[in-house]
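Participant: Pasting a structure here, questions to come.
The values are calculated or read from the model by the stated rules, or taken from the named source; none is laboratory data. On a predicted model such as this, the values are computed, not experimentally measured, just so you know. Here the Cβ positions follow ideal geometry from the backbone for every residue, glycine too, while neighbour counts run over all protein chains shown.
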Amino acid sequence: MTLIKTSILTAIATIITVISAFIINKVVAIYSGPSGLALIGQLKDFVTMLTNISNGATTQGIIKYTAEHKTIKDKQKIFSTSIIISLVTSFIISIGLIGFNSYISELILKDTKYSNVFIVFGFTVFLFALNTILLSILNGQKEIKKYVFVNIVNSIVALLFTSFLIVKFNIQGALYSLVINQSIVFFVTLFFVLKSSWFKLEYFKQGLDKESLIKLSKYSLMAITSALVSPISFLIIRNYIGENLGWDEAGYWQGIWYISSMYLLVVTTSLSVYYLPKLSEIKDKEELKKEIFSGYKIIMPIVIVMSLSIFLLKEYVILIAFSENFMPMMELFTWQLIGDVIKIASWLLSYLMLAKAMTKIFISTEILFSFLFVMFSILFINNFGLIGITYAFTINYILYFFTVLFIFRRFINAK
């Protein structure tokens, strides 16, 4: 399946996901305001961090090796090993969440009254892990139509469930929905994959394969790094804004970050669904270069048009997505959107590091640029106020772009 066809299919799912997310966000904005949105952002980053780790951070590895291996015998070694890794990792996380629920609640949400949220998360985190594994295998098997349909159904289920909890229990409902959602959609995903040719229970009961463990561990190291440094940097920055400028301001930044994430989802989903399996398969460097340049021709005009449209309609976007209480975030759009364009230009190159398992380089760049983002953010917030964080975002991605461009050229030209 080509990048264009994949983009069209994933765009359908993404549009539904975005609409669902917009509705959820609108309900949160009405019921909880900017400070409530900031609180939800804190928990969301924490949940993202732990769910990415809960399956041993093997997602990208499962996609790569499922796509790369041609025989079911080789594939089932990956399936079985990933399940064992997930069960062990999610069990450890579960013990930590349940045992330290009050401390974590105080650390992340600044109040122990939300401690029960983390207890519930502890009991459901293994279902998050299993759901991620099944979706990763679907992706690696290139069952794009089924993958897209499953994501559409999951988005609708999440919308109905989350909206009900928010309307019924306000901010508490929103928090609980974040730690339960993926547990519910796991059963939806399972229902759809049961009839897939690759899904047989015995394929997941082959025990731990040493070779597969070594292969997946390379991706685990990369994914754990991403799962930790990015959400942690967001938590630090959001907390810094909240304590120095106010939690409403933290909510405005959460709002602009949310808008960026949503409109770019069309692109980032296409990249993860198509690009990683495709680049993993390609062995010839000239063909690899051609594939990446093709991505630029298709993806970058779309990103530029979307960014420009968001900028021109920013006032309406705020009113549709949030409420009038969020209008102060108007000043954040310009440099955030410029940074978004540079970000995608960088990601088109950085996927090479994942596809070719450049573990050390990937980890080094992730840590370095997450650290720089925090440092730039604090520096520019102190000097320019809230808008300074968008300066930091853009400058950080300019530096990242030239770094991954250098890595790409060195890889292509190496003999």
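Participant: With the condition kept exactly as written, say whether any residue in the stretch 196-215 is β-branched (Val, Ile, Thr), under 30 Å from Ile95 (Cβ atoms), touching a residue at least 24 places away in the same chain (Cβ under 8 Å) and part of a helix (DSSP H, G or I).
Facilitator: No.
Participant: Further question: If I ask for residues that are at pLDDT below 85 and surrounded by fewer than 19 Cβ atoms within 10 Å (Cβ to Cβ), which ones from the stretch 108-134 would you list?
Facilitator: Lys110, Asp111
Participant: Would you confirm whether or not the stretch 215-232 contains a residue that is more than 22 Å from the chain's Cα centre (by Cα), among the polar types (S, T, N, Q), surrounded by 20 or more Cβ atoms within 10 Å (Cβ to Cβ) and at negative phi?
Facilitator: no
Participant: Consider Lys215 carefully, then state whether it is of a type outside the set (A, V, I, L, M), under 30 Å from Phe149 (Cα atoms) and at pLDDT below 85.
Facilitator: yes
Participant: Mind telling me which of the residues Ser90, Ser82 ends up being touching a Gly at 6+ places or on another chain (Cβ under 8 Å), more than 27 Å from Ala38 (Cβ to Cβ), of a type outside the set (Val, Ile, Thr) and surrounded by 16 or more Cβ atoms within 10 Å (Cβ to Cβ)?
Facilitator: Numbers: Ser90 fails: touching a Gly at 6+ places or on another chain (Cβ under 8 Å).
Going through Ser90, Ser82 in turn, just one is touching a Gly at 6+ places or on another chain (Cβ under 8 Å), more than 27 Å from Ala38 (Cβ to Cβ), of a type outside the set (Val, Ile, Thr) and surrounded by 16 or more Cβ atoms within 10 Å (Cβ to Cβ): Ser82.
Participant: Show me the helices (runs of 4 or more DSSP H) found entirely inside the stretch 68-146 where at least 2 residues are of a type in the set (Lys, Arg), touching a Lys or Arg at 6+ places or on another chain (Cβ under 8 Å) and without any contact (Cβ under 8 Å) to a residue 12 or more places away in the chain. Explain how you work it out, then say what you get.
Facilitator: Numbers: elements: 72-99, 101-109, 115-140.
Qualifying helices (runs of 4 or more DSSP H): none found.
Participant: Keeping to the stretch 135-152, report how many residues are farther than 18 Å from Leu265 by Cα and crowded, with 22+ Cβ neighbours inside 10 Å.
Facilitator: 3
Participant: Condition test on Asn181, is it surrounded by fewer than 18 Cβ atoms within 10 Å (Cβ to Cβ) and touching a Phe, Trp or Tyr at 6+ places or on another chain (Cβ under 9 Å)? Even if it seems obvious, please write down each step before you answer.
Facilitator: Working: surrounded by fewer than 18 Cβ atoms within 10 Å (Cβ to Cβ): no; touching a Phe, Trp or Tyr at 6+ places or on another chain (Cβ under 9 Å): yes.
The answer is no for Asn181.
Participant: May I ask you to list the residues in the stretch 45-60 that are at pLDDT below 80 and closer than 16 Å to Lys110 by Cα?
Facilitator: Asp45
Participant: Can you pull out the residues in the stretch 309-328 that are assigned to a helix (DSSP H, G or I), in contact (Cβ under 8 Å) with a residue 12 or more places away in the chain and more than 23 Å from the chain's Cα centre (by Cα)?
Facilitator: Of everything in the stretch 309-328, those that are assigned to a helix (DSSP H, G or I), in contact (Cβ under 8 Å) with a residue 12 or more places away in the chain and more than 23 Å from the chain's Cα centre (by Cα) turn out to be Phe311, Lys314, Glu315, Ile320, Asn325, Phe326, Met327, Pro328.
Participant: Among the residues of the stretch 364-383, how many are farther than 19 Å from Asp340 by Cβ and more than 22 Å from the chain's Cα centre (by Cα)?
Facilitator: 6
Participant: Give me the pairs, please: first residue somewhere in the stretch 167-195 and within 12 Å of Val28 (Cβ to Cβ), second residue anywhere and of a type in the set (Gly, Ala, Ser) and surrounded by fewer than 18 Cβ atoms within 10 Å (Cβ to Cβ), beta-carbon distance under 7 Å, and either six or more positions apart or on two chains.
Facilitator: Between residues of the stretch 167-195 that are within 12 Å of Val28 (Cβ to Cβ) and residues that are of a type in the set (Gly, Ala, Ser) and surrounded by fewer than 18 Cβ atoms within 10 Å (Cβ to Cβ), there is no close pair.
Participant: Which pairs have Cβ atoms under 9 Å, sit 6 or more apart or on different chains, and link a residue in the stretch 390-415 that is within 19 Å of Lys283 (Cβ to Cβ) to one that is not in a helix (DSSP H, G or I)?
Facilitator: The qualifying pairs are Ile407/Met358; Phe411/Lys356; Phe411/Met358.
Participant: When the residues of the stretch 16-39 are filtered to those that are of a type outside the set (Gly, Ala, Ser) and under 16 Å from the mean Cα position of the chain (by Cα), which remaining residue is surrounded by the fewest Cβ atoms within 10 Å (Cβ to Cβ)? Steps first, please.
Facilitator: Within the stretch 16-39, the subset of a type outside the set (Gly, Ala, Ser) is 16-19, 22-28, 30-31, 34, 37, 39.
Among the residues that remain, those that are also under 16 Å from the mean Cα position of the chain (by Cα) are: 17-18.
Details: Thr17: 22, Val18: 19.
The extreme case among them is Val18.
Participant: Report yes if Asp248 is of a type in the set (D, E, K, R), modelled with pLDDT of 85 or more and either surrounded by fewer than 21 Cβ atoms within 10 Å (Cβ to Cβ) or within 30 Å of Tyr31 (Cβ to Cβ) (or both), otherwise no. Even if it seems obvious, please write down each step before you answer.
Facilitator: On the way: of a type in the set (D, E, K, R): yes; modelled with pLDDT of 85 or more: yes; either surrounded by fewer than 21 Cβ atoms within 10 Å (Cβ to Cβ) or within 30 Å of Tyr31 (Cβ to Cβ) (or both): yes.
Yes: the conditions hold for Asp248.
Participant: Name the residues in the stretch 218-245 that are of a type in the set (Ser, Thr, Tyr) and modelled with pLDDT of 85 or more, would you?
Facilitator: Within the stretch 218-245, Ser233, Tyr240 meet the criteria.
Participant: Determine whether Ile63 is in a helix (DSSP H, G or I) and at pLDDT 80 or above.
Facilitator: So Ile63 fails the test.
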